[in-house]
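These notes concern the structure reproduced below.
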Amino acid sequence: MDTIEKLKILSEDSQYDLACACGTGKDDHRKRGTEGKWLYPVALPQGGYSILLKTLLSNACKNDCKYCPLRSDTDVRRCTLQPEETANIFMEYLRKKKVFGLFLSSGVIGTPDNTMDRINSVARILRYKNGFKGYIHLKIIPGASDAAIEDSFSLASAVSLNIETPGKERFGLLSGKKDYMNDIIRPMKFMAGLRKQGGRAEKVKCTTQFIVGASDETDSEIIGYMSGIYNKLKFNRVYFSAYQKGLGHPTIPGEKMPLSKPENIFAREHRLYQVDFLMRRYGFRTGDIILNSNGNLSLDKDPKQLWAESHPEFYPVRINKADREALLRVPGIGPETVSRILKARREQRISCLEYLGIRGKRLEKIQGYATCD
Ligand code: SF4
């Protein structure tokens, strides 16, 4: 196979890994570039989009993760890109100004450290042979040694290790070879510790991803783990990838759950992203997230609206007096609007929300929970 043919296969196989900001917005869900499917538009933290070359190095994996179509017992066309070959094709796209960065993951070839060595080699060639100073996101392979992780930190702009499920019992239903505590939690803690030491490592962004609905986990468990990942490990982002029925082994819970109807599983993924936003940007704590008796989020209503409806004593919020945290509890008001309110308030009293350019349905929604009086 030539490089392009391998890229076609390996980029297709990397589509379920969202831990690089590919396709997490409302309108860009799993969207890929038009030219080659390995070129992905990604949302930049400062707004706007850029393009990543996103691929696996290999889909020849020795592991048996039952949610994964690449597990060792499936009949897929296997291939591997060599580090030099990957670096060359990336540089070709870079020279043509078609990409700004690289996202590199891989199935496990031999051992976790052997795979890490190949992944790190691509980054090393780009950094030291080609002088590339831009964005490189490297996957940390479950079970990687401390030394291999340190090596990645010395080369990458961002790294990710997918936690997959909340807790070893749930994970046990999905993999017979990977050890949850040793292969996933231990390296995640090591990554957090490296960043604490400061220096270059402190600047390397850390992300992770849950595969939602493959096991029989509840939203409550995911939210509990997510809180720990943000508050204790200080990771930058948690992503969610809805498990899609038919990809994994027929025995796993995700193949049997009624939720596996595509619209429901994507609605669940969307609700978890909303909770993630509420916790990262709106000051919500785990106790503020309203769950049903099964420990799951409502698929019908967004979690902020639900909180507002369950706390009538909190409203109406006074637009001219309330602090940032209280303003953020008003349905229809987000962090940007709060900043505009606080700025406008410094100059004069706000007599009506239309003054801030808020109109229509959104205005009606806000007026149900806030007042300018
Ligand atoms: S390690 Fe598991 S999830 Fe990753 S490619 Fe291999 S089988 Fe798939």
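General remarks:
A quick yes/no check of all residues on (1) crowded, with 23+ Cβ neighbours inside 10 Å; (2) under 29 Å from residue 66 (Cα atoms); (3) not assigned by TED's automatic domain parsing to the domain that holds residue 225:
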| position | (1), (2), (3) |
| --- | --- |
| 137 | yes, yes, no |
| 140 | yes, yes, no |
| 144 | yes, yes, no |
| 160 | yes, yes, no |
| 177 | no, yes, no |
| 180 | no, yes, no |
| 183 | no, yes, no |
| 189 | no, yes, no |
| 194 | no, no, no |
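- Cβ separations smaller than 6 Å between residues 6+ apart or across chains give the following pairs from the range 274-289 residues that are in contact (Cβ under 8 Å) with a residue 60 or more places away in the chain to residues that are in a helix (DSSP H, G or I) and of a type in the set (A, V, I, L, M, F, W, C): 286/223; 289/223; 289/275.
- Of all the numbered requirements in (1) over 30 Å from residue 337 (Cα atoms); (2) in contact with a Phe, Trp or Tyr (Cβ under 6 Å, 6 or more places away or on another chain), residue 250 misses one, and that requirement is (2).
- Answer from 113, 17, 27 - the residue that is closer than 30 Å to residue 145 by Cβ and at pLDDT below 90: 17
- Which listed residue is within 18 Å of residue 307 (Cα to Cα), of a type in the set (Val, Ile, Thr) and within 33 Å of the chain's Cα centre (by Cα), from 333, 341: 333
- Some residue of the range 244-251 being outside the structural domain of residue 332 (by TED's automatic domain parsing), buried (at least 20 other Cβ atoms within 10 Å of the Cβ) and either farther than 30 Å from residue 72 by Cβ or hydrophobic (A, V, I, L, M, F, W, C) (or both): no
- Residues in the range 49-77 that are in a strand (DSSP E or B) and more than 19 Å from residue 241 (Cβ to Cβ) were compared, and the one that is nearest to the ligand (Cβ to nearest atom) is 58.
- Test result for residue 287, farther than 25 Å from residue 325 by Cα and either modelled with pLDDT of 95 or more or surrounded by fewer than 14 Cβ atoms within 10 Å (Cβ to Cβ) (or both): no
- Pair list, Cβ under 6 Å, 6 or more apart: the range 345-373 residue closer than 15 Å to residue 320 by Cβ and among the basic types (Lys, Arg), other residue at pLDDT 95 or above and not in a helix (DSSP H, G or I): 349/320
- Flag for residue 308 being of a type in the set (Gly, Ala, Ser) and closer than 24 Å to residue 220 by Cα: yes
- Within the range 162-175, the set of residues being surrounded by fewer than 19 Cβ atoms within 10 Å (Cβ to Cβ) and acidic (Asp, Glu) comprises 169 only.
- Assessment of the range 109-124 against the conditions (touching a strand residue (DSSP E or B) at 6+ places or on another chain (Cβ under 8 Å), in a helix (DSSP H, G or I) and small (Gly, Ala, Ser)) yields at least one matching residue.
- Of all residues in the range 293-318, those satisfying the criterion of being surrounded by fewer than 14 Cβ atoms within 10 Å (Cβ to Cβ) and of a type in the set (Ser, Thr, Tyr) are 293, 310.
- Neighbours by Cβ (under 8 Å, 6+ apart or cross-chain): first from the range 188-216, touching a residue at least 24 places away in the same chain (Cβ under 8 Å) and acidic (Asp, Glu); second part of a loop (DSSP other than H, G, I, E, B) and surrounded by fewer than 22 Cβ atoms within 10 Å (Cβ to Cβ): 216/173; 216/257
- Residues that are in a loop (DSSP other than H, G, I, E, B) and either within 18 Å of residue 5 (Cα to Cα) or away from the ligand (no atom under 16 Å from the Cβ) (or both), drawn from the range 78-108: 78, 79, 81, 82, 96, 97, 98, 99, 100, 106, 107
- Among the residues making up the range 218-232, those that are of a type outside the set (D, E, K, R), without any contact (Cβ under 8 Å) to a residue 60 or more places away in the chain and surrounded by fewer than 19 Cβ atoms within 10 Å (Cβ to Cβ) are 227, 228, 230, 231.
- Test: residue in the range 139-149 that is hydroxyl-bearing (Ser, Thr, Tyr), under 25 Å from residue 52 (Cα atoms) and more than 13 Å from the ligand (Cβ to nearest atom): no
- Exactly one residue out of 321, 361 is exposed (fewer than 13 other Cβ atoms within 10 Å of the Cβ) and at pLDDT 95 or above, and it is 321.
The values are calculated or read from the model by the stated rules, or taken from the named source; none is laboratory data. This structure is a prediction, so every number in the text was calculated from the model and none was measured. Cβ atoms come from the backbone with ideal geometry, glycine included; neighbour counts cover every protein chain shown.
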